[in-house]
Amino acid sequence: MEETKKYIQAFLSQNKIEITANKLSLFDEFAAIENNIKLVKIIQENQKIIMDSWKLKTRIDDIISQPMLLPNGTVNKEYESKIDFIKLGWNDVIYSEIQDLENTGLKYDRNEELLSGNPIVSGDIKIKLLFRIEGEADDSILNEKTITIIINPDPKSLWKDIESDTKDLFWKEDNVAISSNFLDKKIVIASKRGRSHANVGSFRDDDFAFKNINETGWNVLAVSDGAGSAPLSRQGSKMACELIVSYFEENFKNEFLKDFDETLLNHHTNPDENSSKKISHFVYNNLSKAAHYTHKKIEEFAIKKEKTLKDFHSTLIFALVKKYEFGYAILTFGVGDCPIGLINKDKTEIKLMNWLDVGEYGGGTRFITMPEIFQSDKFYTRFGFKLVKDFSYLMLMTDGIYDPKFVVEANLEKIEKWNDFINDLHGKNDDNCKVDFDTKNTNIASQLSTWMDFWNPGNHDDRTLAIIY
């Protein structure tokens with residue numbers, strides 16, 4: 001009764017009708033009329049309906065208007081984003097679904113409130129969040145909120161793959177991969193033109209060569225990286241590798257090697273300072289002659305073609321390997337920034353068989369085409385020798401592999417980094433790309449070539465990797 005009187009009195013007052021003292025008794029009677037009580041109750045109920053309806057309307061509008069940022073995605077890269085309704089302050093949302101995900105590669109799990117998948121299209125993707133909040137009827141039309149997801153293109157797709165000019169005088173294949181026998185082991189090599197070269201249709205500057213040197217039992221493997229700034233480095237690297245092989249084919253003969261074979265046997269049986277000196281002397285004399293021979297032949301070629309020697313600038317690393325009854329003799333030489341790594345049989349030790357021309361020169365490297373390397377007082381340190389019972393891997397690589405996989409020179413002397421690299425080759429990588437080192441695997445060359453397509457931001461140089469295993 002009192003509530004009805006207050007409501008009617010307020011209503012009359014809003015309409016500028018005041019109840020005077022002489023009308024109070026009449027007003028009490030009016031407010032007590034049953035029909036008026038019912039009418040006030042109906043009005044109040046309708047007002048509550050209107051109020052609740054307005055609150056629902058404004059709440060839905062608040063949700064629709066509230067900015068909602070989902071993380072960016074990338075084509076062909078797994079995407080996952082939780083739509084956290086509690087964190088968004090939408091704890092009154094009782095139902096949700098997402099539409100317009102067709103042909104996006106994404107899906108929405110309503111129970112987990114999770115948007116996930118592998119995006120297949122790039123751009124500003126518009127999707128619809130359909131939702132219902134507390135207070136809405138179960139059969140009410142779902143509310144719509146448009147959400148934008150930015151899906152970036154696959155970085156790889158932005159790179160062109162333009163074939164190099166096959167009519168060029170010094171043309172060579174853009175990508176090469178090969179596997180074969182190497183002594184009683186196997187060898188696999190892949191050399192791939194970098195994306196930066198493929199994008200403009202230029203040439204692969206890296207190169208390699210290997211061979212069983214006649215009947216001596218020695219095998220030779222050479223890898224070279226042509227300088228990107230040298231216009232004919234692709235020919236320089238090719239010549240450097242081929243010349244090393246031809247030099248040892250011509251000069252490593254059984255009669256010539258007889259004394260060295262005996263020295264190695266003596267060193268294995270009874271290692272002493274005398275045998276060590278003989279080995280060092282042999283390695284330095286013969287490998288330095290091969291390096292100098294290569295330099296001179298490239299120089300002669302440059303003069304013949306009326307070019308400068310620096311037009312052919314190339315790094316060069318090579319290894320000579322022979323299997324004896326007592327183990328493997330490994331002789332190496334290196335100039336430039338390409339490492340040679342020897343991993344022992346149980347993969348607990350790494351021997352870096354050369355030092356890299358990176359630290360001393362502040363990022364600049366040296367080339368086999370530079371005369372000054374032969375005049376340096378550090379020239380003798382470019383040679384390596386190791387006599388081991390066995391090994392798991394002997395690897396030669398250019399900086400297109402070394403830079404993205406090892407990053408800094410110091411990592412090349414850490415066995416854990418080499419084991420990470422080996423695990424990467426075995427398939428522990430973002431692409432799940434595997435190289436199977438089973439000696440019976442006939443597809444290993446193509447597997448290595450495919451593995452070398454790995455993506456690493458900022459590293460798009462030629463890649464060459466040679467592995468004896």
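The values are calculated or read from the model by the stated rules, or taken from the named source; none is laboratory data. Predicted model only: the values in this text are computed from it and were never measured. Cβ sites come from the backbone with ideal geometry, for glycine too, and all protein chains shown count toward neighbours.
Assorted remarks:
- For residue 424: the one exception among (1) in contact with a Lys or Arg (Cβ under 9 Å, 6 or more places away or on another chain); (2) in contact (Cβ under 8 Å) with a residue 40 or more places away in the chain: (2)
- Selected residue (only one of 380, 328 is over 26 Å from the mean Cα position of the chain (by Cα), farther than 22 Å from residue 466 by Cβ and among the hydroxyl-bearing types (Ser, Thr, Tyr)): 380
- Subset of segment 105-149 [assigned to a loop (DSSP other than H, G, I, E, B) and in contact (Cβ under 8 Å) with a residue 40 or more places away in the chain]: 118, 119, 120, 121, 122, 134, 135, 136, 142
- Only residues that are assigned to a loop (DSSP other than H, G, I, E, B), out of contact with any Ser or Thr (no Cβ under 7 Å at 6 or more places or on another chain) and not charged (D, E, K, R) were counted in segment 422-468, giving 17.
- As a summary of the residue check, residue 161 satisfies the conditions (1) under 21 Å from residue 81 (Cα atoms); (2) acidic (Asp, Glu); (3) under 30 Å from the mean Cα position of the chain (by Cα) except for the one numbered (1).
- Selection of segment 392-405 for residues being surrounded by fewer than 20 Cβ atoms within 10 Å (Cβ to Cβ) and polar (S, T, N, Q) yields only 392.
- Selected residue (only one of 64, 42, 37 is among the β-branched types (Val, Ile, Thr) and exposed (fewer than 13 other Cβ atoms within 10 Å of the Cβ)): 42
- When restricted to residues that are of a type in the set (Gly, Ala, Ser) and either surrounded by fewer than 18 Cβ atoms within 10 Å (Cβ to Cβ) or touching a Cys at 6+ places or on another chain (Cβ under 7 Å) (or both), segment 368-391 contains 1.
- Residue within segment 47-58 that is outside the structural domain of residue 145 (by TED's automatic domain parsing), over 30 Å from residue 83 (Cβ atoms) and charged (D, E, K, R) present: yes
- Unmet criterion (only one of (1) part of a loop (DSSP other than H, G, I, E, B); (2) touching a Gly at 6+ places or on another chain (Cβ under 9 Å)) for residue 169: (2)
- Among residues of segment 153-169 that are under 30 Å from residue 118 (Cβ atoms) and outside the structural domain of residue 202 (by TED's automatic domain parsing), those with a Cβ under 6 angstrom from a residue that is in a loop (DSSP other than H, G, I, E, B) and among the β-branched types (Val, Ile, Thr), sequence gap 6+ or separate chain, pair up as 153/75; 154/75.
Rundown of residues vs (1) outside the structural domain of residue 135 (by TED's automatic domain parsing); (2) surrounded by fewer than 10 Cβ atoms within 10 Å (Cβ to Cβ); (3) at pLDDT below 95, yes/no style:
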{"residue": "21", "(1), (2), (3)": "yes, yes, yes"}
{"residue": "27", "(1), (2), (3)": "yes, no, yes"}
{"residue": "79", "(1), (2), (3)": "no, no, no"}
{"residue": "83", "(1), (2), (3)": "no, no, yes"}
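- Within segment 220-233, the presence of at least one residue that is farther than 30 Å from residue 437 by Cβ, in contact with a Gly (Cβ under 6 Å, 6 or more places away or on another chain) and either assigned to a strand (DSSP E or B) or not aromatic (Phe, Trp, Tyr) (or both) is confirmed.
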